[in-house]
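Here is the structure we will look at.
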Amino acid sequence: MKKLVLLTAAVFALNEVQAQQDAMFTHYMYNTLAVNPAYAGSREALTITGLHRSQWVGFDGAPVTQTLTLHSPIANNKMGLGLSVVNDKIGPTAMKSVYADYAYKIQVSEKGKLAFGLKAGLNVMSNNLSALKTTTVGDNTFASDVKSQLLPNFGVGAYYSQERFYVGLSTPRLLQNNFKSNTIGNTSSTSKEKRHYFLIAGTVFNLNQNVKLKPTTFIKVTQAAPLEADITATFIFHDRFNIGAMFRTGDALGMLVGYNFTDQFMAGYSFDWSYGIKTFKYNQGSHEIMLRYDLIYKSKDKIKSPRYF
């Protein structure tokens, strides 16, 4: 196991990554701003969302991710502004990013809005190689840590929404930064950002007066990697309690639970079980915790209808 972890760390630190999946969130339907800037301001409130994901619990060096997003409408709800902060760590490698988000909205029908978004910010990658325990004493390859300079990037997105339906397309990072020529330290890293394309969609159906069904999907495409899709079905009881199931192609099955404590505050938890041959024997699943709070409303009154997205 130690050799396996060391080999994995070496691959991430020293070899060029030809393809990688960027975002992996079971609560993607509540973490939309992290993947699509056009979502900014869509809830007509100053919305703050925090998420923590511990993936493959029990596996040394497994991925751990935290995101914090906040966004609000401006200019009479014709535009939106937001901020996205992501901290992603796997083994000795960590990626941190801070992005500002802007959305411009167009009322295209009585019930539908189309928004176009721009995301721009900075990210930095670091490899804490000196913390690794190697089988060879004094191995110079792992003697020095590696840290890249702050690298700019930007992305774009489009988001169409109604009260009970949404669909969005985005690519959060258009530039494919190469960290090899931007490293600080004696050891170079050849990791490279890959451009990702995301499709999100969801809707809500009434099953009866007190129960609703909310199917959603999150499709991820990147070069030299298989297409990955999350498909989720969530049941909503009395517009308060949520419970659902998730299927991620080639990777995991999961379940989600959530509760709206008030019209402004919601908490959620999810558990994923890896069914792939390569991972399920060595971990105890993946956990996520999500908190969301709508700080202020557009008007002084409460939102007349629940916000499902």
So which strands (runs of 3 or more DSSP E) stay within the stretch 127-227 end to end and still have 1 or more residues that are in contact with a strand residue (DSSP E or B) (Cβ under 6 Å, 6 or more places away or on another chain) and modelled with pLDDT of 95 or more?
-> 151-162, 165-171, 196-203, 211-222
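Given the criterion in a strand (DSSP E or B) and either on the phi > 0 side of the Ramachandran plot or touching an Asp or Glu at 6+ places or on another chain (Cβ under 6 Å) (or both), identify the matching residue among Gly82, Gly61, Gly41, Gly50.
Details: Gly61 fails: in a strand (DSSP E or B); Gly41 fails: in a strand (DSSP E or B); Gly50 fails: either on the phi > 0 side of the Ramachandran plot or touching an Asp or Glu at 6+ places or on another chain (Cβ under 6 Å) (or both).
Of the residues listed, the single one that is in a strand (DSSP E or B) and either on the phi > 0 side of the Ramachandran plot or touching an Asp or Glu at 6+ places or on another chain (Cβ under 6 Å) (or both) is Gly82.
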Within the stretch 98-126, track down each residue that is at pLDDT below 95 and surrounded by 15 or more Cβ atoms within 10 Å (Cβ to Cβ).
-> Asn123, Val124, Met125, Ser126
Assess whether Gly268 counts as being under 22 Å from the mean Cα position of the chain (by Cα) and at pLDDT below 95.
-> no
Go over the candidates Asn31, Asn77 one by one and state the one that is within 13 Å of the chain's Cα centre (by Cα) and either at pLDDT below 95 or of a type outside the set (Asp, Glu) (or both).
-> Asn31
Among the residues of the stretch 39-61, how many are small (Gly, Ala, Ser) and out of contact with any helix residue (DSSP H, G or I) (no Cβ under 9 Å at 6 or more places or on another chain)?
-> 4
Within the stretch 80-94, is there a residue that is over 30 Å from Phe271 (Cα atoms), of a type outside the set (Lys, Arg) and at pLDDT 95 or above?
-> yes
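Here's the yes/no breakdown for (1) of a type in the set (S, T, N, Q); (2) farther than 30 Å from Phe154 by Cβ:
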position: Leu199; (1), (2): no, no
position: Asn210; (1), (2): yes, yes
position: Pro215; (1), (2): no, yes
position: Ala229; (1), (2): no, no
position: Asp239; (1), (2): no, yes
position: Gly254; (1), (2): no, yes
position: Tyr259; (1), (2): no, yes
Filtered residues of the stretch 232-256 (kept if touching a residue at least 24 places away in the same chain (Cβ under 8 Å), closer than 21 Å to Ile219 by Cβ and loosely packed, with under 14 Cβ neighbours inside 10 Å) | Gly250
Considering each residue of the stretch 58-74, count those that are over 17 Å from Tyr99 (Cβ atoms) and of a type outside the set (Gly, Ala, Ser), and give that number.
-> 6
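Can you tell me which residues in the stretch 228-254 are in a strand (DSSP E or B) and farther than 14 Å from Met24 by Cα? Step through it out loud before you land on a result.
Taking the stretch 228-254 and keeping what is in a strand (DSSP E or B), we get 228-237, 241-248, 252-254.
If the condition is that a residue be in a strand (DSSP E or B) and farther than 14 Å from Met24 by Cα, then Ala233, Thr234, Phe235, Ile236, Phe237, Phe241, Asn242, Ile243, Gly244, Ala245 are the ones that fit.
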Count of the stretch 95-125 residues which are over 18 Å from the mean Cα position of the chain (by Cα) and polar (S, T, N, Q) = 2
Residues of the stretch 99-126 classified as touching a strand residue (DSSP E or B) at 6+ places or on another chain (Cβ under 6 Å) and outside any strand (DSSP E or B), total | 3
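The values are calculated or read from the model by the stated rules, or taken from the named source; none is laboratory data. Just so it is clear, the model here is predicted, and its values are computed rather than measured. Ideal geometry is used to build each Cβ from the backbone, glycine not excepted, and the neighbour counts take in all protein chains shown.
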